[in-house]
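Everything below concerns the one structure shown next.
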Amino acid sequence: MAKNRILICTLVALSSGFFGGYMSGQLTLMLHSQKCQNQNWAFKQICNTWVTPGAIWQGSITGLWVGSILGAFVAGLATNQNRT
């Protein structure tokens, strides 16, 4: 049972980490690209191109860590055995 618990916790942590990384990357990109909204069309495109890699990198790394830690914690609680 311990091997199954480790496998379940690992899979849940990885999947929630990847999901958190994706969602956080998208949210951070939306927030960072708001800086470019008051530019004309050409400068807006340049600004978005400049902001996108850093925003996605920052958000994805943060989301990956937070999602993995929370996923492992929740999976550990879900697979906990009550010993009486």
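Here are a few things to note about the model shown:
- Three-way shape call for the stretch 40-83 based on the alpha-carbon gyration tensor, with the a/c threshold at 1.5: prolate
- Distance histogram for the chain (every C-alpha pair counted, 5 angstrom bins, percent rounded to whole numbers): 3, 17, 17, 14, 11, 10, 8, 7, 5, 4, 2, 1, 1, 0
- Phi angles across the stretch 21-26 convert, under the Karplus curve 6.51 cos²θ - 1.76 cosθ + 1.60 with θ = phi - 60°, into 3J(HN,Hα) values of x, 5, 5, 5, x, 5 Hz, Gly and Pro given as x.
None of the figures in this text is laboratory data; all of them are computed from the coordinates on show. Note that the structure is predicted; figures quoted are calculated from it, not measured.
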